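Each remark here refers to the structure printed beneath this line.
The values are calculated or read from the model by the stated rules, or taken from the named source; none is laboratory data. What you are looking at is a predicted structure, and each value in this text was computed from that prediction instead of being measured. Cβ: placed from backbone, ideal geometry, glycine included. Neighbour counts: every protein chain shown.
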Amino acid sequence: MPTEIIIVIAIAIGIIVLGILFTFIPINLWIAALAANVKIGIFQLVGMRLRRVVPRRVVNPLIKAKKAGLDLHLNKLEGHYLAGGNVDRVVNALIAAHRANIELSFERAAAIDLAGRDVLEAVQMSVNPKVIETPFIAGVAMDGIEIKAKSRITVRANIDRLVGGAGEDTVIARVGEGIVSTIGSSDDHKAVLENPDMISQTVLSKGLDSGTAFEILSIDIADIDIGKNIGAELQTDQAEADKKIAQAKAEERRAMAVAKEQEMKASVEEMRARVVEAEAEVPMATADALRSGNIGVMDYYNMKNVQADTDMRDNIGKATDDNEENETPQDPSRR
């Protein structure tokens with residue numbers, strides 16, 4: 001009885017050990033590699049486990065590449081995986097490039113993948129060009145009329161410039177700049193409307209794909225429209241600004257005139273004050289003359305009589321003027 005128990009325990013331990021072994025060593029993957037004529041040893045698979053590499057992420061792409069006729073090495077694929085790359089996408093890109101007779105090395109494809117670009121999409125774009133549609137781009141002709149144009153840019157991926165090359169946003173910005181420049185250099189907006197292809201020809205001749213990850217094949221104007229009369233609006237705004245400046249200057253002159261008027265009024269009041277002050281000294285001078293005997297009493301009374309006569313004439317003159325102002329004109333028909 002104890003012998004049977006020991007045998008059962010031994011069998012159970014053996015099953016557990018084999019389960020752990022088969023889990024740690026992907027036997028199915030090893031058999032599939034041998035069937036595909038891919039030479040991979042058991043210890044290589046164990047080493048992948050120890051290096052924290054998922055074996056199927058490397059072995060399956062290697063089998064795929066072998067079947068496609070590519071000569072790739074396991075160490076390069078494993079190194080790309082450890083660098084954080086997508087091994088399956090790189091192998092798919094290499095297979096697509098090989099089928100399309102596009103020269104693409106594993107090092108170049110791995111560099112593109114590690115740079116954050118989709119290398120498979122780049123290869124597909126090299127075979128099947130991509131169309132980028134720009135939004136409406138507005139430009140103003142020399143006659144002041146705004147023209148809005150929308151273009152379609154047909155581009156093909158340039159694999160040699162994918163690493164370090166500018167993306168789609170740069171291409172759209174450069175094309176937009178070229179459209180604005182072409183419209184702005186036109187003397188008349190009607191010429192642009194009659195020949196919209198002049199925009200695409202001018203823009204395409206400037207080599208806008210320099211330094212980008214794309215090769216521009218064609219630029220086509222999809223839609224063109226007339227916008228605002230920018231020249232007239234600018235002239236209106238300038239006239240309004242000139243009017244405000246003139247009003248401000250006129251207000252400044254008016255304020256200066258008012259200030260000058262107030263200064264003159266203050267000067268007049270100052271003069272009157274001086275006159276009053278001088279008149280106040282007359283009685284004192286008269287008294288002093290009487291005391292000193294320079295004038296007599298009769299001379300003083302004669303002076304007072306003259307002053308009284310003068311005041312009386314002034315009063316009579318004021319009364320006559322008031323009566324003439326209050327007199328109502330008679331109707332000519334009553335005469």
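Can you report the number of residues in segment 58-80 which are under 25 Å from residue 100 (Cα atoms) and surrounded by 15 or more Cβ atoms within 10 Å (Cβ to Cβ)?
Matching residues across segment 58-80 total 16.
Find the residue count for segment 178-210, including only residues that are among the β-branched types (Val, Ile, Thr) and either more than 22 Å from residue 230 (Cα to Cα) or in contact with a Pro (Cβ under 9 Å, 6 or more places away or on another chain) (or both).
Of the residues in that region, 2 qualify.
Is it the case, given these coordinates, that residue 237 is modelled with pLDDT of 80 or more, surrounded by 10 or more Cβ atoms within 10 Å (Cβ to Cβ) and not polar (S, T, N, Q)?
Yes; evaluated as a whole, the condition is true for this residue.
When you go through 196, 135 one by one, which is the residue that is surrounded by fewer than 16 Cβ atoms within 10 Å (Cβ to Cβ) and not hydrophobic (A, V, I, L, M, F, W, C)?
Result: 135 is the single residue among 196, 135 that is surrounded by fewer than 16 Cβ atoms within 10 Å (Cβ to Cβ) and not hydrophobic (A, V, I, L, M, F, W, C).
Select from segment 203-229 the residues that are farther than 23 Å from residue 165 by Cα and β-branched (Val, Ile, Thr) and list them in ascending order.
221, 224, 226
Restricting to segment 89-119, give me the number of residues that are among the polar types (S, T, N, Q) and within 13 Å of residue 160 (Cα to Cα).
Number satisfying all stated conditions: 1.
State yes or no: is residue 140 in contact (Cβ under 8 Å) with a residue 24 or more places away in the chain and either assigned by TED's automatic domain parsing to the domain that holds residue 196 or at positive phi (or both)?
Against the criterion (in contact (Cβ under 8 Å) with a residue 24 or more places away in the chain and either assigned by TED's automatic domain parsing to the domain that holds residue 196 or at positive phi (or both)), residue 140 qualifies.
In segment 92-108, what count of residues is obtained for those that are closer than 21 Å to residue 128 by Cα and under 41 Å from the mean Cα position of the chain (by Cα)?
So the count comes out to 10.
Wholly within segment 33-96, which helices (runs of 4 or more DSSP H) include no fewer than the required count, namely at least 2 residues that are charged (D, E, K, R)?
The helices (runs of 4 or more DSSP H) meeting that bar are 55-67, 74-82.
Going through segment 81-104 one residue at a time, which ones are under 15 Å from residue 44 (Cβ atoms) and buried (at least 20 other Cβ atoms within 10 Å of the Cβ)?
Selection gives 81 alone.
Among what's in segment 155-193 and is among the small types (Gly, Ala, Ser) and in a helix (DSSP H, G or I), pick the residue that is surrounded by the most Cβ atoms within 10 Å (Cβ to Cβ).
178
Give the number of residues within segment 145-168 that are at pLDDT 85 or above and either within 24 Å of the chain's Cα centre (by Cα) or assigned by TED's automatic domain parsing to the domain that holds residue 113 (or both).
9
Please state which one of 228, 206 is within 30 Å of residue 192 (Cβ to Cβ), surrounded by 10 or more Cβ atoms within 10 Å (Cβ to Cβ), touching a Lys or Arg at 6+ places or on another chain (Cβ under 9 Å) and among the basic types (Lys, Arg).
206
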